[in-house]
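As structure tokens, the structure follows; a few thoughts come after it.
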Amino acid sequence: GNIKVVGDRNFAMGMNKPIVHVMTHNPWVDRKPGMTLGSIGLFFQRDQTWFSQSKAWVDYMARVSALLQQGKPVTDIAVFIGEEVPRRSILPDRLVSSLPGIFGKERVASEKLRLGNKGQPQRVMPVGVGHSANMADPEDWTDALRGYKYDCFNRDVLLKAKVLNGEVVFPSGASYKILVFPGKMLMNPNGNLMSSEVAKKILELKEAGATIIIEKRAVNTIGLKEKDAVLQKAWEQLFVKSGKGSVVETPYMEETFESLGVARDIDVTAENHAIAWTHRKLGNADLYFISNQQRKQVSVPVSFRLTDFTPELWDPVSGKIKRTQWEVRGERTYLTLSLDANESVFVIFKQTAEKVPGPTATAVVNQLAHINTNWLVQFDKGFGGPAEVVSFPKLVLWNEHENPAIKYYSGQATYANRFELREVPKGRPVYLSIDSVFNIATVIINGIDCGTFWTPPYQLDISKAIKPGNNTIEIKVSNTWANRLIGDMSLPEDKRVTWTTAPLNLLEGKPLLKAGLEGEIKIWQ
């Protein structure tokens, strides 16, 4: 759950096959956490406290990957990275000067402040790594072009590109509505260099119908004079009105590309939102993956550049599909997404006979039971926990407990209790929800595994397990290694619970992390 937001941001950037960074060489069965790479990587292996419960997270990655590997990405803009070697993708902060209107006035102002770096402040992030505080953090650029997506391309594919129906198509089959050729950028001292081959190709694409945004500047090439003559001729002709396409000079000041015939693919109208997204075309359907990058609940009105489709919401955590309210206005489909902290969802647009959604009745929540008192908790003595069952008259976080064996505990503990249901109403699912889980919890009711919480909302469908009358419940909760490692720092080596190759001083002075269950536990429908 702690890294979900980072994974989702990368899914939205185009990743569709995650590889988990793992340390496999850990031969000991009596030393935990054992061999590590310190602060590098996820350390995804059998000696993690939560490893036995991690299938729920792996299933999530599998569902998201499976859908994002379908069809083709829908990306409107392609940005040329230049001809210098080596070259790499152009990050969004480097495009602000070329497309200031698309980024917006607030972004232009914030970039001026960031690049000013007044006082040259420093910061440490992650642990032990110091650097300038004015670095462009990826979490601040989740929807950088405000409703548009862009890819980067190099000279090789440019020289093989064609124009079909007004779009530029590369050999892979990827197509783009607009090509952007940025001007001179920071740390790009040779931004005015261009080969005659590239200049001729840009002109060829414009004449064939491409829409091109480019800086009109002095350019030259390295090499023979005749090559430079060809370059200058093609470059001058590029800015002459001719052919089927068009050339727009930078800086591009308009807030959208609508004047160029390209409306926003997705438009999130909520202020200060942090929504990451991606769009894929599946032939007879369109798929949008949308992630709330904030650790708080949000309700965001969203419109999509689609009509004549019926949207559904697919939950990649549970695998469930549900209907949603929507309406079509003009050339766009509008709906409101209610997302929990760091929640993500697929919005799938399918062609169906239904064109107008019917009214949706607001369901009244029916509270069936609260289970907030009289829990019995069994910790693992082998992980330094108490040997005897501990009574929790009310839910208390482990890190706030007076018993040091619980306060510094890392591992899995089992909460046990009973609850009574007079009846189990039919017709709607019954859910169990917990306000907060630190960090992962598996719910077992009447001996039946109902699933695992690992990310908000902490909610599970328990319909298959409950019954009228007396019910038993177990919740297996695991936290991370941090608290036990912090506790062991104050103990002599022969008294420590943990053994690891990681330097413990990385945790020196760090507060204990929240562990266990917090808030209300309720059953409702």
Unmet requirement for T49, which otherwise passes all of (1) crowded, with 18+ Cβ neighbours inside 10 Å; (2) of a type in the set (S, T, Y); (3) more than 27 Å from E493 (Cα to Cα): (3)
Any hit, the range 452-460, residues being open to solvent by 20 Å² or more (accessible area, probe 1.4 Å), closer than 24 Å to G382 by Cβ and among the hydrophobic types (A, V, I, L, M, F, W, C): no
The range 110-122 - residue that is open to solvent by less than 60 Å² (accessible area, probe 1.4 Å) and modelled with pLDDT of 85 or more and, of those, farthest from the chain's Cα centre (by Cα): G116
Selection count where residues are touching a strand residue (DSSP E or B) at 6+ places or on another chain (Cβ under 6 Å) and either surrounded by 13 or more Cβ atoms within 10 Å (Cβ to Cβ) or over 21 Å from V64 (Cα atoms) (or both), scope the range 316-329: 3
Residue that is surrounded by the fewest Cβ atoms within 10 Å (Cβ to Cβ), among those in the range 399-444 that are without any contact (Cβ under 8 Å) to a residue 60 or more places away in the chain and under 23 Å from G1 (Cα atoms): E400
Candidates V85, V64 - the one that is open to solvent by 40 Å² or more (accessible area, probe 1.4 Å), of a type in the set (V, I, T) and closer than 30 Å to I178 by Cα: V85
Residues that are open to solvent by less than 30 Å² (accessible area, probe 1.4 Å), closer than 21 Å to F103 by Cα, in a loop (DSSP other than H, G, I, E, B) and modelled with pLDDT of 95 or more, drawn from the range 125-170: L145, G147, Y148
Selection status of G38, among the small types (G, A, S), at pLDDT below 85 and open to solvent by less than 80 Å² (accessible area, probe 1.4 Å): yes
Qualifying positions in the range 445-472 - over 21 Å from S291 (Cα atoms) and free of Cβ contacts under 8 Å to residues at least 40 places away in the same chain: I445, N446, G447, I448, D449, C450, S463, K464, A465
Any hit, the range 335-344, residues being more than 19 Å from I521 (Cα to Cα), in a loop (DSSP other than H, G, I, E, B), at pLDDT 95 or above and open to solvent by 70 Å² or more (accessible area, probe 1.4 Å): no
Complete set of residues in the range 252-271 that are more than 24 Å from the chain's Cα centre (by Cα) and part of a strand (DSSP E or B): F257, V262
First in the range 210-238 and farther than 15 Å from G82 by Cα, second anywhere and in a loop (DSSP other than H, G, I, E, B) and among the charged types (D, E, K, R), Cβ under 7 Å, 6 or more apart: T211/K177
Test: residue in the range 10-30 that is in a loop (DSSP other than H, G, I, E, B), surrounded by 15 or more Cβ atoms within 10 Å (Cβ to Cβ) and in contact with a Leu (Cβ under 7 Å, 6 or more places away or on another chain): yes
Given (1) touching a residue at least 24 places away in the same chain (Cβ under 8 Å); (2) touching a helix residue (DSSP H, G or I) at 6+ places or on another chain (Cβ under 7 Å), index of the condition L504 fails: (1)
Count - residues of the range 299-309 that are closer than 21 Å to V64 by Cα and either charged (D, E, K, R) or at pLDDT below 95 (or both): 0
Yes/no for I222 being touching a Lys or Arg at 6+ places or on another chain (Cβ under 9 Å) and either of a type in the set (D, E) or not in a helix (DSSP H, G or I) (or both): no
Residue satisfying all of: in the range 211-257; open to solvent by less than 40 Å² (accessible area, probe 1.4 Å), of a type in the set (S, T, N, Q) and out of contact with any Phe, Trp or Tyr (no Cβ under 9 Å at 6 or more places or on another chain); nearest to K177 (Cα to Cα) among these: S242
Wholly enclosed strands (runs of 3 or more DSSP E) of the range 422-511 bearing at least 3 residues at pLDDT 95 or above and more than 31 Å from the chain's Cα centre (by Cα): 469-478
Only one of S478, S436 that is closer than 12 Å to G516 by Cα and touching an Asp or Glu at 6+ places or on another chain (Cβ under 9 Å): S436
Residues of the range 186-210 classified as buried (at least 16 other Cβ atoms within 10 Å of the Cβ) and part of a loop (DSSP other than H, G, I, E, B), total: 6
Answer from K72, K105 - the residue that is over 24 Å from E254 (Cβ atoms), open to solvent by 30 Å² or more (accessible area, probe 1.4 Å) and of a type in the set (D, E, K, R): K72
Subset of the range 290-315 [open to solvent by 70 Å² or more (accessible area, probe 1.4 Å) and more than 21 Å from the chain's Cα centre (by Cα)]: D308
Filter result for V79 (under 30 Å from L99 (Cβ atoms) and part of a strand (DSSP E or B)): yes
Among (1) open to solvent by 40 Å² or more (accessible area, probe 1.4 Å); (2) more than 26 Å from F153 (Cα to Cα); (3) within 18 Å of the chain's Cα centre (by Cα); (4) not aliphatic (A, V, I, L, M), the one test that W57 misses: (1)
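The values are calculated or read from the model by the stated rules, or taken from the named source; none is laboratory data. The structure presented is a predicted model; accordingly, all values stated were derived computationally and were not measured. When we count neighbours, we look across all protein chains shown, and the Cβ atoms used for this are built from the backbone with ideal geometry, even at glycine. Quick note on the areas: whole protein, heavy atoms, side chains included, nothing else; ligands and nucleic acids left out. Shrake-Rupley method; radii C 1.70, N 1.55, O 1.52, S 1.80 Å.
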